[in-house]
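The values are calculated or read from the model by the stated rules, or taken from the named source; none is laboratory data. Since the structure is predicted, the reported quantities are computational estimates derived from the model, not experimental observations. When we count neighbours, we look across all protein chains shown, and the Cβ atoms used for this are built from the backbone with ideal geometry, even at glycine. Remember, those area values only see protein heavy atoms, side chains included, never the ligands or the DNA or RNA. Shrake-Rupley method; radii C 1.70, N 1.55, O 1.52, S 1.80 Å.
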Amino acid sequence: KNPDEKLRSRFLCGLQIGRDFSITDPSHAQDGKIYDPNSGQTYSATMAADDSQLRLRGYSGVSLFGRTEVWHRTQENITACSA
């Protein structure tokens, strides 16, 4: 659903979705950008990590008007993407 039609056919496996984060301490990063492949939009973002979870907050404009997702580290063996 990327607004740029040329980017819609990209393979999502292995796609870099986060960039430009500034690490503020060992478990926090801010001022980054995160790409949402479902909407095709890029949002401002922050990250916070602890133990086996990563909290990603994406927002447009002010962090108050955003959404947080919690990702959990898997214990499963993951195979690399195959093109």
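Give, as a single signed number, the net charge of other residues whose beta carbon lies under 12 Å from the beta carbon of Ala45, with Lys and Arg counted +1 and Asp and Glu -1.
Net charge around Ala45: +1.
Which of the GluC sites (Glu not before Pro) found in the chain are in a DSSP loop and have at most 10 neighbouring Cβ atoms, other than their own, within 10 Å?
Glu76
For Ser22, Ser60, Ser44, write out the residues from largest to smallest accessible area, computed with a 1.4 angstrom probe and no ligands counted.
Ser60, Ser22, Ser44
By the scheme Lys and Arg +1, Asp and Glu -1, what is the net charge of all other residues having a beta-carbon under 13 Å from that of Ser60?
Neighbour charge sum, excluding Ser60 itself: +2.
Working only with C-alpha atoms, what are the Rg and Dmax values of the chain, expressed in angstrom?
Every Cα atom of the chain included, Rg and Dmax give 14.2, 39 Å.
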